[in-house]
Amino acid sequence: MSRVGKRPINLPEGVKVELANSIITISKGSNVLTQKIHPDISVDVDSDTKEIQVSRPTDNKLHRSLHGLYRALISNMVVGVTNGFTKRLEIVGVGHRAELRGKSLFLNIGYSHPILFKVPDEVEIKLESPTVISVKGIDKQLVGQIAAKIRSFKPPEPYKGKGIRYSGEYVRRKAGKTAGK
């Protein structure tokens with residue numbers, strides 16, 4: 001049995017779950033997330049104990065992998081509509097900074113031109129300082145994807161550590177050139 005898949009998902013107060021035609025919809029207030037479920041995986045919603053249980057029909061490799069996957073996806077949906085997800089990015093480098101103009105993020109990160117990134121409506125970006133970007137949203141996959149896209153504009157380089165990195169990310173540093181004899 002899958003260690004992840006067999007654990008039930010507890011539903012906090014105010015979270016509504018609808019299951020129809022193998023599509024699960026989880027909502028709380030104005031936050032709504034939907035996910036299509038594989039036809040072989042069964043999802044049971046127990047309204048008495050306020051739990052969601054995910055189960056699989058057989059023990060073959062595909063069903064075992066889908067079991068843990070869909071349990072994790074549904075759990076992330078529940079956490080997303082209640083608390084949301086946040087990723088923080090740090091910009092390292094002299095003169096490197098970010099600026100927010102409406103729904104657009106301007107990045108001055110050492111290129112000859114500023115980089116313009118249009119922020120999707122589902123995600124909220126805040127600048128805690130000119131060098132710290134916070135990406136917030138209810139969809140964990142989308143928050144991670146947007147943070148990875150921003151990081152990809154200038155990933156941290158190993159010699160001086162300049163670039164955009166996740167908060168708390170360790171950048172392995174290399175030694176520079178040594179002087180000749």
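The values are calculated or read from the model by the stated rules, or taken from the named source; none is laboratory data. Every value quoted in this text rests on a predicted model; they were computed, and no experiment measured them. Please note: Cβ atoms are built from the backbone with ideal geometry, for glycine as well, and neighbour counts cover all protein chains shown. These accessible areas exclude ligands, DNA and RNA; they are computed on the full protein's heavy atoms, side chains included. Shrake-Rupley method; radii C 1.70, N 1.55, O 1.52, S 1.80 Å.
Selection of strands (runs of 3 or more DSSP E) fully inside region 70-181 by the criterion of at least 1 residues being of a type in the set (D, E, K, R) and open to solvent by 50 Å² or more (accessible area, probe 1.4 Å) returns 85-92, 97-101, 115-118, 123-129, 132-137. Scanning region 14-60 for residues that are assigned to a strand (DSSP E or B), of a type in the set (Asp, Glu) and either without any contact (Cβ under 8 Å) to a residue 40 or more places away in the chain or touching a helix residue (DSSP H, G or I) at 6+ places or on another chain (Cβ under 6 Å) (or both) returns GLU18, ASP44, ASP46. Does GLU128 satisfy the condition of being out of contact with any Lys or Arg (no Cβ under 8 Å at 6 or more places or on another chain), at pLDDT below 95 and among the acidic types (Asp, Glu)? Against the criterion (out of contact with any Lys or Arg (no Cβ under 8 Å at 6 or more places or on another chain), at pLDDT below 95 and among the acidic types (Asp, Glu)), GLU128 does not qualify.
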